[in-house]
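S.K.: Below you will find the structure I want to go over with you.
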Amino acid sequence: MRYHLTLAALAVSTGIASAGDLSLSIDGLRNRQGNVSICLFLRQGRFPDCADPSSTVRRTVPAKAAGTPILFRDLPPGTYAVTVLHDEDADGALDSNLLGIPREGIGITNNRLPRFSAPTYADAAFDLPAGRRQSVTLVYW
C-alpha cells in the first residue's frame, strides 16, 4: 500500500500529464487594421484549414491589440501547431489574388512558411510544454 501511495505522490509532484499554458506573440503586422485570426491545432486534422472545431481552437482579436501576447490556458502536453491570419478587411477570410497568392499577412509557428505551397502540419508543429512561448512573424507577398 505504501508503494502505491509513493508512486501516486511522485506522479503528482513531477507534473506527469499536467496542463500548461501557451503564450503566442505575433510580429510583423504591416498595419493595425482589421483583425488577427489565430488558429491553434490540437492535432493535424485539416491543417491549415481552421474550420474543424473538433481539432482547433480559434481566437480573433483586433489588429490594434495584436502587440499583446495571446494566451491559451490549460493545454495538455502534446504536439500543436498555430496558423495566424492578418484579416485586414475583417471579412473572416483569407484574400488572395487570381494565382492564389495571399494578399493578407499569414504566418505559422516555427516561421517555416513555404514560398510556393501551403504549409504542412510538420512545418508548424511544436511540443508543449517545451514550447510554452511561441512567436509567429507574418509574411506579406
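S.K.: Can you tell me how many residues within segment 64-87 are in a strand (DSSP E or B), out of contact with any Lys or Arg (no Cβ under 7 Å at 6 or more places or on another chain) and among the β-branched types (Val, Ile, Thr)?
M.R.: 4
S.K.: Of the conditions (1) exposed (fewer than 13 other Cβ atoms within 10 Å of the Cβ); (2) out of contact with any strand residue (DSSP E or B) (no Cβ under 7 Å at 6 or more places or on another chain), TRP141 fails just one. Which one is it?
M.R.: Unmet condition: (2).
S.K.: I've got another one for you. Within segment 61-79, work out how many residues are more than 18 Å from ASN35 (Cα to Cα), charged (D, E, K, R) and over 13 Å from the mean Cα position of the chain (by Cα).
M.R.: Total meeting the criteria: 1.
S.K.: Go through (1) at pLDDT below 95; (2) assigned to a strand (DSSP E or B) and name the single condition ILE38 misses.
M.R.: (1)
S.K.: Sticking with this one: Look through segment 37-87, keep the residues that are out of contact with any Gly (no Cβ under 6 Å at 6 or more places or on another chain) and among the polar types (S, T, N, Q), and return whichever of them is surrounded by the most Cβ atoms within 10 Å (Cβ to Cβ).
M.R.: THR83
The values are calculated or read from the model by the stated rules, or taken from the named source; none is laboratory data. Remember, it's a predicted structure, so these values are computed and weren't measured experimentally. Reconstructed Cβ throughout: ideal geometry from the backbone, glycine too, with neighbour counts over all protein chains shown.
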